[in-house]
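Below is one structure, written out as structure tokens, with a few remarks after it.
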Amino acid sequence: MTQSGTFYGIGVGPGPSGFIPLAAVEVLQKVDLIYAPRAHRSDISVALQCLEGINIDPKRVREIEFTMDTDRTVLSEHYAELAKTIAVELFAGQNVAYLTIGDSLTYSTYGYLLAALRDYFPELAHRTFPGISSYAAAASAMSWPLGVGKERTLILPCPEDATALQRDIESHDIVVLMKIGARLPWVLALLREMGIAEHCAFARRIGLQDELMADGVNDLCATAAMGYLATLLIRKTPQEKRHA
């Protein structure tokens with residue numbers, strides 16, 4: 001009887017090649033198949049771009065289109081179907097890797113896929129490699145501390161309204177805002193209204209084409225800045241005015 005293969009979740013990027021654990025690189029060079037997600041209406045996989053310079057046989061790569069639907073039911077169904085496909089490969093004894101941008105289990109669709117696979121395959125042999133989150137990459141690129149001393153840092157997907165976001169900002173020292181999308185105009189307007197825009201930072205597509213970084217967002221144009229892979233780092237007060 002064929003021994004089932006192992007499933008690997010691997011965080012890559014975001015952006016610059018080389019942002020990946022050495023142990024994960026070793027796995028990518030040995031596995032039988034590598035699934036690389038590609039955004040709907042995109043011609044290239046950002047996850048594969050993040051592996052530039054790493055020697056991988058393209059014959060082992062399977063590009064798949066992923067959905068960005070906000071409906072959790074739709075997401076669950078999409079990844080349940082993908083899990084069926086991958087489960088067939090695993091049952092055949094193939095070792096399979098799945099790439100995900102940023103950290104593997106921080107607001108990542110990989111979590112849906114892993115859960116679906118474990119439903120089909122309770123004894124699944126798997127290993128997840130951590131990746132570098134978008135906010136960690138942004139903070140490092142701009143030398144922007146995410147927390148000093150006993151500062152309280154909140155990481156969250158962008159709320160649907162300004163009142164909720166203002167409440168989150170007022171109750172924390174730092175807010176890391178992800179999944180902003182079309183909400184960026186009113187988010188920037190709120191930061192300016194609160195008088196804190198000058199000590200906030202914004203990053204989009206770090207290390208990739210159309211990279212945009214701004215340390216201070218008073219003059220940031222929302223229309224030009226909106227897009228996929230965007231993160232806002234929000235400070236309630238300037239760093240020099242806070243105490244440990």
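Values quoted throughout were computed directly from the atomic coordinates according to the rules given, and no laboratory measurement underlies them. Here the structure is a predicted model, which is why all the values come from computation and not from measurement. Methodologically, a virtual Cβ is constructed for each residue, glycine included, from the backbone with ideal geometry; neighbour enumeration extends over all protein chains shown.
Length gain on complete extension for the stretch residue 171 to residue 123, per 0.36 nm per residue less the alpha carbon to alpha carbon distance? Walk me through the intermediate numbers first.
On the way: separation 48, 0.36 × 48 = 17.28 nm, distance 4.25 nm.
So the extension gain works out to 13.0 nm.
Could you check the spin-label model distance between residue 54 and residue 32? Points 7 Å from the Cα along Cα→Cβ, value in nm.
2.0 nm
Which FRET efficiency value, to the nearest 0.05, do you get for residue 193 and residue 85 by plugging their Cβ-Cβ distance into 1/(1 + (r/R0)^6) with R0 = 45 Å?
Numbers: r = 48 Å, r/R0 = 1.07.
FRET efficiency, residue 193 to residue 85: 0.40.
In the chain, how does Rg compare with the Kirkwood Rh, expressed as the Rg/Rh ratio over alpha carbon atoms?
Values: Rg = 19.5 Å, Rh = 19.2 Å.
Answer for the chain: 1.01.
Please rank 235, 60, 205, 167, fewest neighbouring Cβ atoms within 10 Å first, as an exposure proxy. Kindly include the intermediate steps, with their values, before the conclusion.
Values: 235 23, 60 14, 205 19, 167 11.
Going from sparsest to densest Cβ surroundings: 167, 60, 205, 235.
Charges on Cβ only, +1 for Lys and Arg, -1 for Asp and Glu, centred on the Cα centroid of the chain; of 83, 73, 159, which one is farthest towards the dipole's positive end?
Going by the Cα projections, it comes out as 159.
Given N residues in the range 135-241, what is Rg(Cα) / (2.2 N^0.38 Å)? Display every interim value, and only then the final one.
On the way: Rg = 12.5 Å, N = 107, 2.2 N^0.38 = 13.0 Å.
Working it through for the range 135-241, the quotient is 0.97.
Report the extension gain between residue 142 and residue 162 in nm, rounded to one decimal, defined as 0.36 nm multiplied by the number of residues separating them, less their alpha carbon distance. Kindly include the intermediate steps, with their values, before the conclusion.
Values: separation 20, 0.36 × 20 = 7.20 nm, distance 2.60 nm.
Residue separation times 0.36 nm, minus the Cα-Cα distance, leaves 4.6 nm.
Which GluC sites (Glu not before Pro) in the range 1-109 pass both tests, a DSSP loop state and at most 16 other beta-carbon atoms within 10 Å? The partial results should precede the final answer.
Working: sites: 26, 52, 63, 65, 77, 81, 89; in loops: 52.
Qualifying residues, ordered by number: 52.
How high is the relative contact order of the chain, in percent, counting Cα pairs under 8 Å that sit 6 or more residues apart?
21 percent
Within the range 124-139, what residues put their amide N at less than 16 Å from the label point 7 Å along the Cα-to-Cβ vector of residue 153?
Output list for this probe position: 131-139.
Taking Rh as the Kirkwood radius computed over C-alpha pairs, what is the Stokes-Einstein D of the range 6-132 at 37 °C in a medium of viscosity 0.692 mPa s, expressed in µm² per second?
Numbers: Rh = 14.5 Å.
My calculation gives 226 µm²/s for D.
Taking the Cα centre as origin and putting +1 on Lys and Arg beta-carbons and -1 on Asp and Glu beta-carbons, what dipole magnitude results for the range 6-132, to the nearest 20 debye? Please report the intermediate quantities before stating the final value.
Numbers: 10 positive and 15 negative charges, 36 e Å.
Dipole of the range 6-132, to the nearest 20 debye: 180 debye.
Hey, what do the phi angles of the range 182-190 turn into as Karplus ³J(HN,Hα) couplings, whole Hz, using 6.51/-1.76/1.60 and θ = phi - 60°, x for Gly and Pro?
6, 7, 3, x, 6, 5, 4, 4, 5
Would you list, by chain and number, the lysines whose Cα falls below 30 Å from the Cα of residue 59, excluding same-chain residues fewer than 8 positions away?
Output for residue 59: 30, 84.
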